[in-house]
Each structure stands twice: as structure tokens, then as C-alpha cells.
Amino acid sequence: MKLFLDTADVNQIREAWSWGIVDGITTNPSHVAKTGRRAMEVYEEILGIVDCPVSLETVALDAPGIIEEARQLARLHRNVVVKVPLLREGLKAVKTLSAEGIKTNVTTTFSPLQALLAAKCGATYVSPFVGRLDSIGHDGMELVRQIKTINVNYGFQTEIIVAAIRHPKHVLDAALIGADICTMYFEFMEMLYLHPLTDIVVDQFLKDWNKIPK
Ligand code: E4P
């Protein structure tokens, strides 16, 4: 499973990129707002740090506006993936962009039928927001399972990005389902490395090593 980092914080991106496990970056307007910087400045810096797909979100609500924004974003760098919200106008735009060879990530996806429409329009990626579904008492991972089944049934190439992750168990569940990608905050990516027994055993080995006559 590919691991994407979900942030617009360039320090986090630089650090995580150095670990060698990051396969992509997803940003959204909320992440960019947190940086307090101009969006284009942040995007250009991210694209200079990593060499992998970088999702940059459009904010227009009509298809012509989304298409215009998407073309501008796509011109920034070959790694740009244009993130488009799952609206009727958004999917109209995705159909056009896909025919132009511009990669798209259909975001804010909350139902399997929405994902089916995204795939039919040629979306490169679809992003189900699992944590947000869990938080209203639904089963976010069930949505991922359903999208996976639909993609297999019809041979859709649209990759599933499991998004709005709230804990490492979401990452494990995504991997067990066979989702293509999981995107997560920096703190969850850090947590993937951790297990208390690892620390205890490494510590014990070092102590024992120091007892060996040198
Ligand atoms: C994914 O691409 C989104 O940026 C992100 O996962 C949204 O998650 P949130 O619910 O934490 O805002």
C-alpha cells in the first residue's frame, strides 16, 4: 500500500520525505490556511521538495472554473494531481481533465455510488473520508470495502486513497482491505514505526552488548 502524507507543512514534508516511505502528498485548503502563506508559494515549495504525486485542490464550484484552475495547477509541475470535490460540476470537470491527461483526485467522497461516478469520469484517484464517516456513527472502512469491490467488478483503474484517517488502526484496516493508498497526518505516519516492545528489546540488546568484553 502506498503511503501519502496529508499536510501542507513543508517542514513535515521535508522530514517525512527523508524517511523514504512517502509515496505522495495530499493538501487541502484547510492545510494551506494553517501555513499562513500564499497557496502558490507553498505549492511550489512542496513540488521542489518531493518527487511524487502532489494533490492540490481546486476551489471553484462550476466546471469551467474548476477546469481553468486545474489547468493552471497542472502547469506548475508534472507531479501535480488536481484535487476536485465530488460535486456534479466537479465530475464534469474531471471528465474533461481526464481526456486532457491531467491527473485528478476526487475528494470529499462519502458514498460508494459517488465513487462509481468518479471512476466513470476517469478519476485517477478517489478519496473516501473514513474518519468523518466514523464520527457520525457510520462505518468508514465499509465504504472503502464497497469502493474496492466496485473497482474490481468493473476493472476501474481509479486508485483508492483512504483519507481522513484518525488513528493507525485505520491504516491497518485500509491495508487489509487492499486499498491502493492511505493518506495521513505526520503524527500518524510517525506512529507506524512505534511499538513499546521494540524499544524494550533494542534497549536490552544494547545493555547486553555493553557487557561483552571488548
Ligand atoms: C485528504 O485528501 C484530505 O486532505 C484529508 O484526509 C481530510 O481529512 P480531515 O477530515 O482530517 O480534514
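Within the stretch 111-133, the set of residues being of a type outside the set (A, V, I, L, M, F, W, C) and surrounded by fewer than 17 Cβ atoms within 10 Å (Cβ to Cβ) comprises 111, 120, 131, 132. Checking 133, 206, 143, 194 one by one, the residue that is away from the ligand (no atom under 16 Å from the Cβ) and part of a helix (DSSP H, G or I) is 206 and no other. (1) farther than 16 Å from residue 6 by Cβ; (2) within 16 Å of the ligand (Cβ to nearest atom); (3) in a helix (DSSP H, G or I); (4) touching a helix residue (DSSP H, G or I) at 6+ places or on another chain (Cβ under 9 Å): which one isn't true of residue 188, the others all being true? Condition (1) is where residue 188 drops out. Filtered by the rule that a residue be acidic (Asp, Glu) and in a loop (DSSP other than H, G, I, E, B), the stretch 62-77 gives a lone residue, 62. Can you work out which of the residues in the stretch 3-37 that are more than 11 Å from the ligand (Cβ to nearest atom), of a type in the set (Gly, Ala, Ser) and assigned to a loop (DSSP other than H, G, I, E, B) is nearest to residue 84 (Cα to Cα)? Only one residue tops the list, namely 36. Would you mind finding the one in 90, 24 that is buried (at least 17 other Cβ atoms within 10 Å of the Cβ), in contact with a Pro (Cβ under 8 Å, 6 or more places away or on another chain) and at pLDDT 95 or above? Unique residue meeting the criteria: 24.
Filter the stretch 78-111 down to the residues that are within 14 Å of the ligand (Cβ to nearest atom), free of Cβ contacts under 8 Å to residues at least 60 places away in the same chain and in a strand (DSSP E or B) and list them by number. If the condition is that a residue be within 14 Å of the ligand (Cβ to nearest atom), free of Cβ contacts under 8 Å to residues at least 60 places away in the same chain and in a strand (DSSP E or B), then 81, 82, 83, 84, 85, 104, 106, 108, 109 are the ones that fit. The set of residues in the stretch 150-170 being in a helix (DSSP H, G or I), touching a residue at least 12 places away in the same chain (Cβ under 8 Å) and more than 12 Å from the ligand (Cβ to nearest atom) consists of 150, 151, 154, 168. Can residue 75 be described as modelled with pLDDT of 95 or more, surrounded by fewer than 20 Cβ atoms within 10 Å (Cβ to Cβ) and more than 18 Å from the chain's Cα centre (by Cα)? Taking the combined requirement at face value, the residue satisfies it.
Scanning the stretch 38-61 for residues that are more than 15 Å from the chain's Cα centre (by Cα), of a type in the set (A, V, I, L, M) and assigned to a helix (DSSP H, G or I) yields 39, 40, 42, 47, 49.
The values are calculated or read from the model by the stated rules, or taken from the named source; none is laboratory data. In this text the structure is predicted, and so the values were computed from the model without any measurement. Methodologically, a virtual Cβ is constructed for each residue, glycine included, from the backbone with ideal geometry; neighbour enumeration extends over all protein chains shown.
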